[in-house]
1. When the residues of the stretch B:165-214 are narrowed to those that are assigned to a loop (DSSP other than H, G, I, E, B) and acidic (Asp, Glu), which ends up modelled with the highest pLDDT?
2. Within the set of pairs 6+ apart or on separate chains, which have a first residue in the stretch B:160-171 that is away from chain A (no Cβ under 12 Å) and closer than 16 Å to B:Pro144 by Cα, a second that is polar (S, T, N, Q) and part of a helix (DSSP H, G or I), and C-beta atoms under 9 Å apart?
3. Determine which member of the set A:Asn218, A:Asn177 is surrounded by fewer than 16 Cβ atoms within 10 Å (Cβ to Cβ), on the phi > 0 side of the Ramachandran plot and polar (S, T, N, Q).
4. Looking only at the stretch B:238-247, decide whether some residue is more than 14 Å from every other protein chain (Cβ to nearest Cβ), touching a residue at least 60 places away in the same chain (Cβ under 8 Å) and part of a loop (DSSP other than H, G, I, E, B).
5. When only residues in the stretch B:38-80 that are within 14 Å of chain A (Cβ to nearest Cβ) and over 27 Å from B:Glu143 (Cβ atoms) count, which is surrounded by the most Cβ atoms within 10 Å (Cβ to Cβ)?
6. Would you point out the residue of the stretch A:74-113, among those that are acidic (Asp, Glu) and not in a loop (DSSP other than H, G, I, E, B), that is farthest from A:Ile219 (Cα to Cα)?
7. Which residues, counting only those in the stretch A:24-42, are modelled with pLDDT of 95 or more and within 14 Å of the chain's Cα centre (by Cα)?
8. Might you let me know whether the stretch B:204-218 holds any residue that is of a type outside the set (Lys, Arg), touching a helix residue (DSSP H, G or I) at 6+ places or on another chain (Cβ under 7 Å) and more than 23 Å from B:Ile68 (Cβ to Cβ)?
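The values are calculated or read from the model by the stated rules, or taken from the named source; none is laboratory data. It should be emphasised that the depicted structure is a prediction, and the values quoted were computed from it without experimental measurement. All Cβ positions, glycine included, derive from the backbone under ideal geometry; neighbour counts span all protein chains shown.
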There are 2 protein chains.
Amino acid sequence: MDNKPIGIFDSGIGGLTVLKELIKILPDEDFIYFGDTARVPYGGKSPELIREYSEEITSFFQKKNVKIVVDACFTSSSIALEHIRNKFKSLDIVGVTEYGARSASVVTENNNIGVIGTKTTIKSGAFQKVLQEINSKINVFSEPCPLFVPFIEEGFVEGDFITQIIHHYLDTFLDKNIDTLLLGCTHYPIIKKAIGKTFKDSFKIVDCGKETAIAVRNILSREKRLRKKSSGKKLTFYVSDDTESFVQNASLFLGQKIKTASLMFPWE
Amino acid sequence: MDNKPIGIFDSGIGGLTVLKELIKILPDEDFIYFGDTARVPYGGKSPELIREYSEEITSFFQKKNVKIVVDACFTSSSIALEHIRNKFKSLDIVGVTEYGARSASVVTENNNIGVIGTKTTIKSGAFQKVLQEINSKINVFSEPCPLFVPFIEEGFVEGDFITQIIHHYLDTFLDKNIDTLLLGCTHYPIIKKAIGKTFKDSFKIVDCGKETAIAVRNILSREKRLRKKSSGKKLTFYVSDDTESFVQNASLFLGQKIKTASLMFPWE
C-alpha cells in the first residue's frame, strides 16, 4: 500500500484526457496534474528544449514525492522519456507513447497500423520504433496532423470543418489497408467519434490515454502500491501560466469541471 | 547620421512580414531580428508573462546597441509597449499596433473599422483604445481569428479551406458596413489577397507592418538618423529555438531566403 499521489504532466491542457482515463480506472488515487501552459505547444520545439522542460517538470514531481510519474505529453514521451528515466532513476516513469503502441500491436490483425500526431511526435519516429521492437512484421504508416489541435481547442469537434480536415490528413491511409489507428496526441480522443464516423468505423481506434491508465494500474497493483481507500481530496492542478483560462477550459478535456489551479514555474 | 542597426522582434517567425516592409522602405539600414520561437505563441499567454518576455527581449536589443526597436508582435505591442517604454526610457520603441491604427483612421471614410487578430490582441482592446483616442467617432468592430495562424503556417494561404475559415470569422463584419479592415497580426498580410477576393474588395485592408515601416523611416529621417550608405551585411537573425526550422520557413514571410540564424535565450 502506498498513499502517495500520482504525478501526471503535459505541455498544456490536453493531458487532462489522460487524467480522465486514470481517474476512471484508479478512482481511489490522488493525482497531481501539471500543464506547462506558459510553454505550450511542445510540438514545434527542438528535442533539446523538450528534454530540458521534461527534466524540470519531473524534478518538481520528485519534490512532491509522487509514487509514479505519467508523461502524458506525446511530444515529451516520444523524445524525452529515456532522458528523464536516466536522470531520475529512483522514480517510476510511464509514457503515453509506449503503452499506446503496445495496445495497437495487440489490436491489429493485419499488422498495418496508422499513427497520427504532431509534427515533432511523428518526426521522432518513436511509435515506429516501439511498434517494430514489439513485432518487426508490423507496418507503420504515419501522418502528422498539425491542424487538429487548434481546431479542437476552438471547439470544432464535430461538423463539416473537422470532417474536411480529417479527410485532408487521413485519406492517405485509405490505400494502406490499415485496420488500426493510433491516436498519438492527447487532444485526439476528443475527435475519436468524428474520425470513426468519417471513415465509417473501417478501422479500430486506439486511445493511448486509456491504455496508459490500464498500464499504471497494472504496475501499482503488481507492486502492491495501490491506495486502499480514497482520501477524498483527489485532484490538484498546477500550470505555468493563466490559471483562470485553464480552469475555464478544463471540462472539454477532463469531462468534469475543476475549481482551482495553482501556478508553478518549472524553470525556477 | 546613425549607423547603428534597427532591432525588430516578434514571438516567432511572423514578424518577418514586418521586416520585409522595413527592408523595402529602408534598404540601406542594418537589421537585427529576434523571434522568440521557444515561447511562441504569445497569443494565449497572460499579460504578466508577455510583459516579462518583452522586457527580456528589449534588454537584448539594448545590449546590441540598436538605434530603434520595432515591437512587431501584435500581442506584445498591444499589452507590453507602455511597460517596456517605461523600463527603457533611453530607447526609441515603435509598436505595430499604434501605426496600423493611425493609418486605418486616415483610410476610413465612414468611420467603421473592422479589426482582426489573436484572442489576446483583441481582448486587450489596444486597437480600440488607440483608434478612439485618435477619433472618438470611429466605431471599432473586433473579431479574434485564432485559426488563421495555424492555417497560414500549414501553407493554406489560398483555396477552399482558407476561404471557408475567412467566411467563418469575417462574415460578422458584413452587416457592420465597415469600409476598412485592420490586419492585427503579423501572419495576416499573407492572406490579404485571399481576404480581398473572398469579399470582392468591398473594404480596404490596412497592413500594419507597412505602416510601421513608414513610421520608422519618418522618425529616423526627422531626427537625421538614417544610415547614409548600406553596409552590405544587412540582416542578422536570432531565435530562441530551432534555428534550422526558422531558416527553412523564413521565405514565406520574408519573401526571400535566409542563410543562417543564431540562438539567443532572452531568459538567460
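1. Pass one, the stretch B:165-214, residues assigned to a loop (DSSP other than H, G, I, E, B): B:177-179, B:185-187, B:199-203.
With the extra rule that they be acidic (Asp, Glu), the set shrinks to B:179, B:201.
Values: B:Asp179: 97, B:Asp201: 89.
Looking at residues that are assigned to a loop (DSSP other than H, G, I, E, B) and acidic (Asp, Glu), I get B:Asp179.
2. That search, which allows pairs on different chains as well, returns B:Ile166/B:Thr198; B:Leu170/B:Thr198.
3. Details: A:Asn218 fails: on the phi > 0 side of the Ramachandran plot.
Selected residue: A:Asn177, the only one of A:Asn218, A:Asn177 that is surrounded by fewer than 16 Cβ atoms within 10 Å (Cβ to Cβ), on the phi > 0 side of the Ramachandran plot and polar (S, T, N, Q).
4. Applying the first criterion (more than 14 Å from every other protein chain (Cβ to nearest Cβ)) to the stretch B:238-247 yields B:238.
Restricting the remaining residues to those that are touching a residue at least 60 places away in the same chain (Cβ under 8 Å) gives B:238.
So of that shortlist, the ones also part of a loop (DSSP other than H, G, I, E, B) come out as none.
Among the residues of the stretch B:238-247, not one is more than 14 Å from every other protein chain (Cβ to nearest Cβ), touching a residue at least 60 places away in the same chain (Cβ under 8 Å) and part of a loop (DSSP other than H, G, I, E, B), which makes the answer no.
5. B:Ala38
6. If we filter the stretch A:74-113 for residues that are acidic (Asp, Glu), which is where we start, we get A:82, A:92, A:98, A:109.
Filter once more, so that each one left must be not in a loop (DSSP other than H, G, I, E, B): A:82, A:98.
Details: A:Glu82: 18, A:Glu98: 14 Å.
The residue in question is A:Glu82.
7. Once the filter is applied, which keeps residues that are modelled with pLDDT of 95 or more and within 14 Å of the chain's Cα centre (by Cα), the stretch A:24-42 yields A:Tyr33, A:Phe34, A:Gly35, A:Asp36.
8. First, pick out the residues of the stretch B:204-218 that are of a type outside the set (Lys, Arg): B:205-209, B:211-216, B:218.
Filter again for touching a helix residue (DSSP H, G or I) at 6+ places or on another chain (Cβ under 7 Å), leaving B:205-209, B:211-216.
Narrowing the set further to residues that are more than 23 Å from B:Ile68 (Cβ to Cβ) leaves B:205.
Yes, because at least one residue in the stretch B:204-218 is of a type outside the set (Lys, Arg), touching a helix residue (DSSP H, G or I) at 6+ places or on another chain (Cβ under 7 Å) and more than 23 Å from B:Ile68 (Cβ to Cβ).
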